[in-house]
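This report concerns only the one structure given below.
The values are calculated or read from the model by the stated rules, or taken from the named source; none is laboratory data. Here the structure is a predicted model, which means the values were calculated and not measured. Please note: Cβ atoms are built from the backbone with ideal geometry, for glycine as well, and neighbour counts cover all protein chains shown. Just the protein is used for accessible areas: all its heavy atoms, side chains included, with ligands, DNA and RNA removed. Shrake-Rupley method; radii C 1.70, N 1.55, O 1.52, S 1.80 Å.
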Amino acid sequence: MLSQGLRRAVSLLTSRTLVRRQLSARIVDATYVELQPDKAGATTLTFPGVWLRDNCRCPTCFHSSSQSRQLDWNQFDASVRPLALHMDAAQQQLHVRWSDEHESSYTLDWLRQRSFDASSQRSYLDDFYRPRTRHWAGAEFEQIAQRFNYDQVMSEDEPLQHWLQALAVYGVALLNGAPLDEGVVRRLAERVGFIRRTTYGEEFIVQAKPGAKNYAYLSLPLPLHTDLPYYEYKPSVNILHCMVQTKSRGGSNLLVDAYHIADRLREEHPQDFERLSRTLVDWNDIGSEDGREFHNIWRAPVICLDAAGGYTRINHSVPQRDSHFNVPLDQVLPWYESYARFVQLARADAYSFKTQPGDVLTFNNIRLLHGRTGYDDTEQNSRYIVGAYLDWDIIYSRLRVLKKRSASSSSSSSSGSSSSSGPTASAS
Ligand code: OGA
Ligand code: ZN
Ligand code: ZN
């Protein structure tokens, strides 16, 4: 694809292994730096010169203790060109001399981890940036729902990593064996990062209460919903710790993967999908907590999409949908028809199960719909659930740190392996 153009090449024999490998670099089209494979089957790596210059690792351009770029971008020349290359096989480094008279060095591992090759970028994005989601129908719940032991998650990194990975991929995971104390949700959240506070506090108690200020704090059936759709920054993950479960018939949890429902709408009812992903709905919550009045509103579609058509968030709540509906008159009835279809499909797909004392249900609040069947408390038995939220930024960050750590411990225990051990390679 790239024409021959200007090129300079330096080839050396690697001294790293007994096998003599050819390792070379050349400039292509005066702007690209191309690294030829040093082992059979490896692909050629091509890097834009401007990107390499921007990412120089020298102490002037890069501040190592903060791992941050500090090159002076007021002086940056986007037309900068590589003039000469030198491959240091012993150090496994590439040296570049630039048209702005600067010189830079990059380790080959660092370069390989930042390959512009489409499949490397795909695996970095799907495994390290954010795990690729797998959508599921209610009937598949028992196959996809992974269960973890609370004590192991609290004390060992591997179960912690697997729990967070399952949560990211499937949007739900269960922990069991938690002690029956109110500190569990905080300890779990702090094992990951820190609790996301909302109007309702940090930890909250879900219990039937007289004069309930939130619809959930009744023993009535709680229809499928997402929590806090009226926040622009909606809490990401719910942690619900069952301390006392009702002995009456109800109190079961209902869960639906709304990404699966959205997939079905997109496929089977494209017009409904279109309306639900374009129409801004007013979500609200009005009340007071600890003497402070609040009036929350956020306008967003039921199905929120990114520029590529991927899902970013689902909003659904019957009680928390505002009576203000700021859309043109002629859009109202069609929207109701489409929303009714979405709710019907979701309800028909809901998986129902009942957590027991010591179970902690964790799920993605911006993806799954959840609900609860109605129940009856008695004097001896009142259902008692402690909840808290975590945010995805905090969870993904923790997951990446765990993945880097487990990749570096597995690569140091398998010394002699020539594979790179950075994030891309660590992705499983
Ligand atoms: C809630 C909720 C679920 C339950 O409080 O928003 O969904 O099991 N509770 O009570
Ligand atoms: Zn530099
Ligand atoms: Zn809820």
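The set of residues from the stretch 309-342 being hydroxyl-bearing (Ser, Thr, Tyr), open to solvent by 30 Å² or more (accessible area, probe 1.4 Å) and in a loop (DSSP other than H, G, I, E, B) comprises just one member, Ser323. Filtered by the rule that a residue be assigned to a loop (DSSP other than H, G, I, E, B) and more than 18 Å from Ser119 (Cβ to Cβ), the stretch 41-61 gives Asn55, Cys56, Arg57, Cys58, Pro59, Thr60, Cys61. The C-beta contact set for the stretch 338-349 (first residue more than 13 Å from Glu274 (Cβ to Cβ) and assigned by TED's automatic domain parsing to the domain that holds Asp272, second residue open to solvent by 30 Å² or more (accessible area, probe 1.4 Å) and hydrophobic (A, V, I, L, M, F, W, C), distance under 9 angstrom, 6+ apart or interchain) comprises Val343/Val318; Arg347/Leu254; Asp349/Ala139.
Suppose we keep only residues that are modelled with pLDDT under 95 and assigned to a loop (DSSP other than H, G, I, E, B) within the stretch 192-206. Which one would you say is farthest from ligand 2 (Cβ to nearest atom)? For the stretch 192-206, the residue satisfying everything is Tyr200.
Taking the options Leu180, Leu175, name whichever one is more than 14 Å from the chain's Cα centre (by Cα), surrounded by fewer than 18 Cβ atoms within 10 Å (Cβ to Cβ) and modelled with pLDDT of 95 or more.
The conditions single out Leu180.
Within the stretch 229-254, the set of residues being assigned to a strand (DSSP E or B), within 11 Å of ligand 1 (Cβ to nearest atom) and open to solvent by 10 Å² or more (accessible area, probe 1.4 Å) comprises Leu240, Asn253, Leu254. Taken over the stretch 246-271, the criterion of being farther than 19 Å from Ala350 by Cβ and not small (Gly, Ala, Ser) is satisfied by Lys247, Arg266, Glu267, Pro270, Gln271.
Among residues of the stretch 214-227 that are free of Cβ contacts under 8 Å to residues at least 40 places away in the same chain and under 19 Å from Gly287 (Cα atoms), those with a beta-carbon under 7 Å from a residue that is more than 10 Å from ligand 3 (Cβ to nearest atom) and open to solvent by 60 Å² or more (accessible area, probe 1.4 Å) at least six positions away or on a different chain give the pairs Tyr217/Lys209. Any residue in the stretch 215-228 that is more than 12 Å from ligand 1 (Cβ to nearest atom), modelled with pLDDT of 95 or more and either closer than 19 Å to Pro301 by Cβ or open to solvent by 20 Å² or more (accessible area, probe 1.4 Å) (or both)? Scanning the stretch 215-228 turns up no residue that is more than 12 Å from ligand 1 (Cβ to nearest atom), modelled with pLDDT of 95 or more and either closer than 19 Å to Pro301 by Cβ or open to solvent by 20 Å² or more (accessible area, probe 1.4 Å) (or both). Under the condition of being touching a helix residue (DSSP H, G or I) at 6+ places or on another chain (Cβ under 9 Å) and closer than 21 Å to Ala30 by Cα, the residues counted in the stretch 83-98 number 5.
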